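Working notes, beginning with the structure itself.
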Amino acid sequence: MSGRIDAAAAGSQPGSRAEAEARRVEPAAPATGPARLVIGYRAGVSRTAMAQHLRDAGLSAQDNGSLAKVGAQVVTVPRADQARVTAALRSAPNVRYVEQDGQVRAAAVTPNDPYYPYQPELPQITVPQAWSVTTGSASVTVAVVGTGVTALGDLAGAVLPGWDFADDDADAADARGHGTSEASLIAGRGNNGAGMAGVCWACKILPVKVTDANGTGPDSDLAAGIVYAADRGVKIIYIGVIADNRNQPLQDAVVYAQRKGALVVAPAGNTLSKIPLYPAAYGGVIGVGGTNAQSEPYIYCIGVACGGTNYGPAWVDVAAPYCTTAMVLGDPAEYEDLFCGTGPPAALVAGTLALMKSKYPNASASALAYSLTRGARQTNTTDFTEFGEIRAGTSITTVDTVAPKITGATPKHNTRFRGAVTVTATGVSDTGTGVAYAALYANGKYIGRDTTAPYAVRYASGKTNGAVALRWRVFDRAGNSGSYSRTLIADNKTPTVKITSGPKNGAKVKGTVTVKVSASDASGINRVELLINGKVVAKDTAAAYSFKIKVSKYGKKMKVQVRAVDKVGNAAASASRTWKR
């Protein structure tokens with residue numbers, strides 16, 4: 001069903017900034033990966049003795065001569081073993097302390113923009129800590145899909161040429177104001193002594209206008225705008241409008257962008273409802289809700305009527321401040337500190353992702369999304385978002401770009417097999433977010449996956465004969481993947497076998513007769529069996545195959561066959577011969 005998109009549903013809504021007095025500092029992020037322990041030894045313990053003590057404990061110190069001068073060494077242990085190893089190390093008489101290694105952080109950056117003191121939402125989500133790592137890169141572009149963007153004030157020099165799908169021309173200037181305000185939150189130039197500070201100071205904006213002067217437009221224009229941004233290589237697409245219904249063209253456009261490696265960020269809406277809205281509720285889209293100064297869901301009331309952020313962990317992934325200071329259309333540019341709705345927090349999320357992409361240009365969309373969501377802090381209010389309010393300072397330091405390792409597979413290379421075979425990945429490890437699953441492909445076709453070690457998938461070859469190119473792809477929780485290839489030989493062809501010498505069919509026999517057999521197979525012959533009256537009475541494992549038969553043992557009439565079994569288990573029998581005695 002076709003419908004309309006609406007910028008107002010995502011953008012400015014009534015709200016109060018009186019609450020924005022106290023902002024929380026960044027909490028400690030949940031610990032992931034291996035644990036680093038610092039072991040301090042008592043005075044007089046030599047570096048050699050320290051190393052020996054750790055070897056006795058099954059550990060190996062990182063070589064740090066400087067730390068040894070203050071009687072300390074560092075070891076890395078699996079986090080699951082941290083408590084046990086710590087207790088064991090502390091029990092040694094020469095150990096003075098065992099501590100978990102902490103982490104230093106550069107001081108938060110405070111820009112000199114005059115409106116920055118009116119942007120408490122940025123410290124709330126720890127953007128100044130992220131700025132100590134990077135303030136952005138001109139190589140990172142964020143598409144702003146909505147009412148258009150006008151390049152003035154802090155956006156001067158940041159806006160690329162775009163497209164207006166509402167009027168079908170290249171003038172993507174903002175006719176309503178929402179897009180410009182949202183773009184200023186994403187990439188407004190900071191620390192320039194003027195205006196405000198956006199999140200990603202050096203990033204570029206691609207304006208994609210899909211609404212008219214009233215801030216509305218058809219769903220098809222929004223879908224076309226998403227495709228347009230994806231085709232221009234944009235890896236972060238911010239959508240500043242909300243569709244009034246779920247529709248196939250919009251969903252297909254989102255999937256199209258995702259397949260090109262783009263992250264799509266969209267507001268959850270402002271009706272204080274749990275009913276999913278789109279595109280935020282589409283799979284893989286980062287749906288964003290809004291928080292107040294206490295990092296809880298933003299709700300406001302005017303008289304008896306209340307509104308605020310939409311919610312629901314099934315479709316709202318993260319949150320950021322609902323009300324912000326942003327640039328607004330004016331001549332010259334103006335700034336206001338009451339730009340509210342779920343459009344602003346979605347723009348802050350898009351800006352944070354742009355910072356992360358600036359620091360890790362090769363990071364995949366999955367890796368960025370994983371770090372963003374796992375770095376978030378859950379709100380006290382349940383049933384709001386899946387992951388909580390974002391923490392830019394944490395997420396920008398935890399992006400996992402290292403692929404898992406896989407060093408081998410069984411069976412061995414060029415092993416021959418028939419029917420089905422269980423293929424196991426070996427030497428699988430990941431030092432970052434951990435292995436999520438391993439997937440097996442045969443001749444480029446997906447076969448199956450396993451989510452727990454040892455990672456094994458059964459491959460059924462059917463009637464295939466010849467080389468089968470098997471490939472393992474091992475994925476970590478951030479979406480990075482490593483691969484390993486191995487070739488097996490499928491042999492589902494039966495051997496060739498026949499009697500070359502012996503009494504003919506219908507012959508009368510007596511005494512002892514000799515039957516000679518020829519057998520061949522690409523995998524080699526394991527054995528040739530002699531069957532009399534349907535029972536195996538003799539076997540031969542070496543060519544040339546020959547059987548001596550004392551016919552008196554088998555009655556007046558006997559049915560004689562030979563059967564060859566190859567080395568992978570395929571079997572074939574010759575035509576039978578009937579003898580009489």
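Worth pointing out:
- When the residues of segment 232-259 are filtered to those that are farther than 21 Å from A347 by Cα and not hydroxyl-bearing (S, T, Y), the one that is surrounded by the most Cβ atoms within 10 Å (Cβ to Cβ) is N247.
- The residue of segment 407-422 that is farthest from the chain's Cα centre (by Cα), among those that are exposed (fewer than 14 other Cβ atoms within 10 Å of the Cβ) and under 17 Å from G448 (Cα atoms), is A420.
- Residue, surrounded by the most Cβ atoms within 10 Å (Cβ to Cβ), within segment 176-193, restricted to residues that are touching a strand residue (DSSP E or B) at 6+ places or on another chain (Cβ under 8 Å) and under 24 Å from V227 (Cβ atoms): E182
- Qualifying residue in segment 224-238 (condition: within 17 Å of Y322 (Cα to Cα) and modelled with pLDDT of 95 or more): yes
- Residue list for segment 276-310, filter: among the hydroxyl-bearing types (S, T, Y) and within 23 Å of the chain's Cα centre (by Cα): Y278, Y282
- For segment 125-153, a residue qualifies if it is assigned to a strand (DSSP E or B) and either of a type in the set (S, T, N, Q) or out of contact with any strand residue (DSSP E or B) (no Cβ under 8 Å at 6 or more places or on another chain) (or both), and exactly one does: T141.
- Tabulated pairs, segment 527-542, first within 14 Å of T514 (Cα to Cα) and small (G, A, S), second assigned to a strand (DSSP E or B) and at pLDDT 95 or above, C-beta under 6 angstrom, 6+ apart or interchain: A538/L530; A538/F547
- Matching helices (runs of 4 or more DSSP H) fully within segment 321-412 where at least 2 residues are more than 23 Å from G482 (Cβ to Cβ) and hydrophobic (A, V, I, L, M, F, W, C): 343-359
- Looking only at residues in segment 341-389 that are of a type in the set (V, I, T), within 15 Å of T309 (Cβ to Cβ) and outside the structural domain of Y298 (by TED's automatic domain parsing), the one that is surrounded by the fewest Cβ atoms within 10 Å (Cβ to Cβ) is T382.
- Listing of strands (runs of 3 or more DSSP E) fully contained in segment 219-311 that carry 2 or more residues being over 29 Å from A170 (Cβ atoms) and of a type outside the set (D, E, K, R): 286-291, 299-302, 305-308
The values are calculated or read from the model by the stated rules, or taken from the named source; none is laboratory data. Keep in mind the model is a prediction, meaning the values are calculated, not measured. Heads up, the Cβs are rebuilt from the backbone with ideal geometry, glycines too, and the neighbour counts pull from every protein chain shown.
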